[in-house]
1. State the extension gain, in nm to one decimal, for the chain segment bounded by Glu23 and Asp84, taking 0.36 nm per residue of separation less the distance between their alpha-carbons.
2. Ser2: accessible area at probe 1.4 Å, nearest 10 Å²?
3. On a 1.4 Å probe surface of the protein chains, which of Ile113, Ile30 comes out largest in accessible area, and what is the full order?
4. Which whole-number percent of Cα pairs in region 29-92 have a distance greater than 13 Å?
5. Calculate what fraction, in whole %, of the accessible area of the chain sits on carbon and sulfur atoms when a 1.4 Å probe is rolled over the protein chains.
6. Which one of Ile76, Gly111, Pro58 is farthest out on the positive end of the charge dipole of region 51-121, using unit charges on Cβ (Lys, Arg +1; Asp, Glu -1) and the Cα centre as origin?
7. Along Cα→Cβ, 7 Å out, is where each label goes; now give me the distance between the ones at Asp94 and Ser51 in nm to one decimal.
8. Heavy atoms only, 1.4 Å probe, whole protein assembly: order Lys108, Lys97 by accessible area, highest first.
Amino acid sequence: MSEILITGGAGSFGRQLAARLKENGHSLRIFDLPSCDYGFFRGWENTQVHSGDILDAPSIKRAVDGVDQVFHLAAILPPASEVDRERTFKVNLDGTKILLDVCKDLPKVPGVIFTSSVSTYGDTSRETKPIGPD
């Protein structure tokens, strides 16, 4: 099976995706901020945790080097994204560019799947019950 990196992997959607990919027999690398709770992955075979920042190319390179596929979920989402728009654009746009630049410079360039819940659902932060990952 494939070696897959999930950026933003310690988040709600990342954990759900990881569980499904694990069920299908893939080896996983989970990449998220050092402050995240990685307890969900404790005891998982064929799973590595890489803590780092999507804005830090060297930490991304360590996590992505040698993988077949990247699921890019790392982002600041609503409503937190509305608090500091400059930081949000830095993480969401610049972070994606840094990840793609690192990937294209690898000897074996992985496939990248980019998810965007805001593009799919729109901004639901003002809804009575915002749309969640389920």
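1. Length difference between fully extended and current span is 18.2 nm.
2. Accessible area of Ser2: about 40 Å².
3. From most accessible down to least: Ile113, Ile30.
4. 68 percent
5. After summing per-atom areas, the C and S share lands at 51 percent.
6. Among Ile76, Gly111, Pro58, the one farthest towards the positive end of the dipole of region 51-121 is Gly111.
7. 2.3 nm
8. Sorted by accessible area, descending: Lys97, Lys108.
The values are calculated or read from the model by the stated rules, or taken from the named source; none is laboratory data. Predicted model, so just to flag it, every value in this text is computed and none were measured. Positions of Cβ are backbone-derived with ideal geometry, glycine not excepted, and every protein chain shown enters the neighbour counts. Note: accessible area is taken over every heavy atom of the protein model, side chains too, but ligands, DNA and RNA are not part of it. Shrake-Rupley method; radii C 1.70, N 1.55, O 1.52, S 1.80 Å.
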